[in-house]
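Some notes on the structure that comes next.
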Number of protein chains: 2
Amino acid sequence: MKFTIKRTAFMNQLNNVSRAISSKSTIPILLGIKMTATEEGITLVGSDTELSIEGFLPIKDESLGLSIESTGSVVVTSRYFLEVIRKLPADTVTVEVNDQAIVNIQSGQSHFTLNGIDGNQYPLLPEIISEESIQLPTELFKELIAQTIISTSNQETRPILTGVNITLKGKQLTGVATDSHRLSQRTIEIMNDQELEIESMTIPKKTLNELSRIVEDEDHIKLIISDEQLIFALKNLTIYSRILEGNYPDTDRLIPTEHATRIVVNADTFYHAIDRASIMSNQGKNNVVRLEIEDQRVELSVYGSQLGSSNEAIETQTVTGESLQISFNPDYMKDALKTFNGTDIQMDFQSNVRPILLTAVEDETSSANLIQLLTPIRTH
Amino acid sequence: MKFTIKRTAFMNQLNNVSRAISSKSTIPILLGIKMTATEEGITLVGSDTELSIEGFLPIKDESLGLSIESTGSVVVTSRYFLEVIRKLPADTVTVEVNDQAIVNIQSGQSHFTLNGIDGNQYPLLPEIISEESIQLPTELFKELIAQTIISTSNQETRPILTGVNITLKGKQLTGVATDSHRLSQRTIEIMNDQELEIESMTIPKKTLNELSRIVEDEDHIKLIISDEQLIFALKNLTIYSRILEGNYPDTDRLIPTEHATRIVVNADTFYHAIDRASIMSNQGKNNVVRLEIEDQRVELSVYGSQLGSSNEAIETQTVTGESLQISFNPDYMKDALKTFNGTDIQMDFQSNVRPILLTAVEDETSSANLIQLLTPIRTH
């Protein structure tokens with residue numbers, strides 16, 4: 001195979017597919033990028049078996065300056081190939097592969113020779129034959145990812161909790177994540193022309209992270225679903241991912257519908273106060289801050305650290321209901337507050353041992369688009 | 001003690017003095033910043049015993065918004081104190097210390113209490129009584145630091161090589177550093193009104209690094225020298241450093257005065273070619289690239305790496321003298337090339353086992369302001 005292409009365009013697509021590759025992989029061929037030249041263009045693939053990303057550089061896209069002299073396929077170590085392409089001196093690069101899978105790279109006066117592997121040895125991507133697809137509005141879906149992924153678990157003891165669970169009923173698409181200490185839930189409205197229903201589908205965190213990073217200026221992402229796999233189809237880029245196995249816990253019953261105390265506060269104001277308090281709490285064994293609500297006074301404090309202590313009166317819009325002292329992990333609270341993007345929120349409390357519910361003031365609490373739930377810490 | 005000050009000005013000076021503090025210090029009090037309030041202002045000190053930085057916030061500088069209610073002295077853990085001051089909500093901060101060295105910090109609605117240590121327990125800074133001082137032109141001296149510090153040794157087996165050696169004869173101030181694989185030498189011209197002479201003074205790398213980072217918009221740095229100590233005096237900032245003990249090797253005799261081969265090349269062009277070649281050489285056990293000079297052709301290559309190989313013809317201005325094949329460490333060469341800031345340089349070779357000499361084309365080689373010397377690697 002032999003082709004010539006503009007270096008930056010090639011680089012961008014190499015970067016995209018390399019996101020799927022895990023540098024920790026113990027299977028050598030999976031440290032590589034598969035490059036295939038056909039008469040239609042160049043296809044690039046990176047994979048860690050659970051997530052695969054396929055990028056296409058079409059011959060008909062004239063901005064790529066692509067010319068293909070001969071077709072073929074090779075696998076070349078991603079890390080070095082990317083570094084070589086990035087540092088080459090000229091605007092274009094020519095890649096030529098011989099029968100022994102030796103990859104010759106030429107740009108300006110610079111020549112590189114990399115040892116490759118025959119492309120036929122690379123695992124095949126799953127073939128998904130499915131007519132079931134939905135169009136996701138890119139910006140809203142990226143919001144959903146950012147607002148829920150914070151509550152996914154990092155522990156492999158319950159793998160199902162390491163992903164975001166998606167359900168679709170009518171036009172309402174809901175994402176939920178929980179690590180059993182906190183819960184995030186976001187609902188967005190989508191076009192659902194095929195009137196598809198998704199009862200429960202848990203997408204791995206890595207898939208969603210990489211999708212968020214890769215997707216750029218497209219209005220919609222096409223989601224295609226089969227039994228154990230899903231595809232996010234973008235322009236010239238296809239993301240294959242497995243779906244996490246297992247039953248996702250029923251989270252609806254966890255979300256409180258009543259409250260004994262409510263404060264209304266700006267999310268950013270509260271975030272910065274927590275951020276300050278956590279300087280002290282992060283030092284001790286127990287990373288805990290205390291919130292005290294009494295009459296109209298709301299105070300945040302950290303005591304008992306060897307280092308010292310802190311307290312701060314919080315500026316609130318309104319305070320209603322019973323007095324309360326409640327403690328929580330400030331880092332979890334900061335994660336939750338950030339998802340509200342500086343709007344005013346209501347924090348609802350039932351008691352100091354029941355979860356704290358955060359919703360935007362503009363939302364009706366009973367049917368809020370964005371819910372963050374945080375379990376308090378019992379301090380005595 | 002009690003004082004109020006503008007938060008950002010306080011923060012800046014805290015950042016400056018904290019640069020001297022080593023987080024690895026095993027002496028707890030040296031993890032702290034000493035704060036002293038007198039009627040003239042606030043003095044801050046950070047130290048790792050070898051390097052101490054003293055910052056002053058004068059009451060007469062109205063831009064600081066400084067008011068001192070009572071005087072005194074305290075030591076407070078640098079890391080947490082800085083983080084608290086940085087995250088406080090209001091433009092001003094009030095610091096109050098009681099008899100038990102408890103430090104109260106207040107800004108807006110936020111209150112912090114940190115446990116401090118009595119300021120009298122902090123080690124005293126050396127008193128340097130010396131009339132001997134020179135004025136260093138800031139920009140030139142920073143250049144000298146950047147251009148020589150690359151060749152200082154990181155190994156404590158020969159401590160003297162971990163610093164930059166300074167000599168002063170007439171108006172010529174010269175800095176030299178060598179780790180025995182490479183050597184950097186820079187000469188600058190200074191005002192030397194006191195007609196001081198420095199025979200040999202080796203300044204620790206850390207001192208020079210921190211001086212470079214701290215010094216901002218002052219034209220000159222005052223250097224005061226005593227037997228074992230030196231002081232860099234800036235406006236409101238004083239850097240105390242020990243001088244490294246021992247005899248610095250005689251480096252003059254190492255600098256070649258003749259050459260058998262000379263190439264003239266742009267420093268940046270050559271840098272990028274080396275940078276590309278080192279992708280390959282960095283993988284193998286031997287981080288070596290080979291330069292081949294034959295007639296007018298100059299070629300850089302890497303062979304024998306398991307990964308692959310690379311070669312590149314280098315664009316040169318002129319090539320004179322004998323043919324040559326020479327190998328060297330590309331990372332050391334990159335460090336040396338960077339110091340020439342994109343100008344054209346001459347590379348002089350005696351043979352493939354003698355040091356490579358780099359000087360700027362505009363310099364007379366025999367009395368060059370900037371010299372970089374690099375020992376080749378014997379490959380067979």
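The values are calculated or read from the model by the stated rules, or taken from the named source; none is laboratory data. Since we're looking at a predicted model, the values are computed, not measured. No Cβ is skipped: glycine too gets one built from the backbone with ideal geometry, and neighbour counts run over all protein chains shown.
Numbers at a glance
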{"quantity": "Criterion: within 14 Å of another protein chain (Cβ to nearest Cβ), basic (K, R) and free of Cβ contacts under 8 Å to residues at least 60 places away in the same chain - qualifying residue of B:K60, B:K87", "calculated": "B:K87"}
{"quantity": "Qualifying residues in region B:297-332 (those that are assigned to a helix (DSSP H, G or I) and free of Cβ contacts under 8 Å to residues at least 60 places away in the same chain) - the one farthest from the other protein chains (Cβ to nearest Cβ)", "calculated": "B:D331"}
{"quantity": "B:I145 being at pLDDT 95 or above and surrounded by fewer than 16 Cβ atoms within 10 Å (Cβ to Cβ)", "calculated": "no"}
{"quantity": "Unmet criterion (only one of (1) under 26 Å from the mean Cα position of the chain (by Cα); (2) crowded, with 19+ Cβ neighbours inside 10 Å; (3) within 14 Å of another protein chain (Cβ to nearest Cβ)) for A:T339", "calculated": "(3)"}
{"quantity": "Top-ranked residue of region B:179-199 - restricted to ones that are in contact with a strand residue (DSSP E or B) (Cβ under 6 Å, 6 or more places away or on another chain) and assigned to a strand (DSSP E or B), ranked as farthest from B:I149 (Cα to Cα)", "calculated": "B:I198"}
{"quantity": "Close pairs from region B:195-216: first more than 19 Å from B:L51 (Cβ to Cβ), partner of a type in the set (S, T, N, Q), Cβ under 7 Å, at least 6 apart", "calculated": "B:I198/B:T167; B:E199/B:T167; B:S200/B:N165; B:S200/B:T167"}
{"quantity": "Any chance B:F112 is away from chain A (no Cβ under 11 Å) and among the aromatic types (F, W, Y)", "calculated": "no"}
{"quantity": "Members of region B:281-296 that are modelled with pLDDT under 90 and not in a loop (DSSP other than H, G, I, E, B)", "calculated": "B:S281"}
{"quantity": "Any hit, region B:2-20, residues being free of Cβ contacts under 8 Å to residues at least 40 places away in the same chain, over 16 Å from B:E83 (Cβ atoms) and not in a strand (DSSP E or B)", "calculated": "no"}
{"quantity": "Any hit, region A:343-366, residues being outside any loop (DSSP other than H, G, I, E, B), under 19 Å from B:Y80 (Cβ atoms) and touching a residue at least 24 places away in the same chain (Cβ under 8 Å)", "calculated": "no"}
{"quantity": "Residue list for region B:214-245, restricted to those being at pLDDT 90 or above and part of a loop (DSSP other than H, G, I, E, B)", "calculated": "B:V215, B:D219, B:K235, B:N236, B:I243, B:E245"}
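Residue-wise test of (1) touching a Ser or Thr at 6+ places or on another chain (Cβ under 8 Å); (2) buried (at least 16 other Cβ atoms within 10 Å of the Cβ); (3) not assigned by the TED database to the domain that holds B:K142.
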site	(1), (2), (3)
B:R290	yes, yes, yes
B:D295	yes, no, yes
B:V353	no, no, yes
B:A368	yes, yes, yes
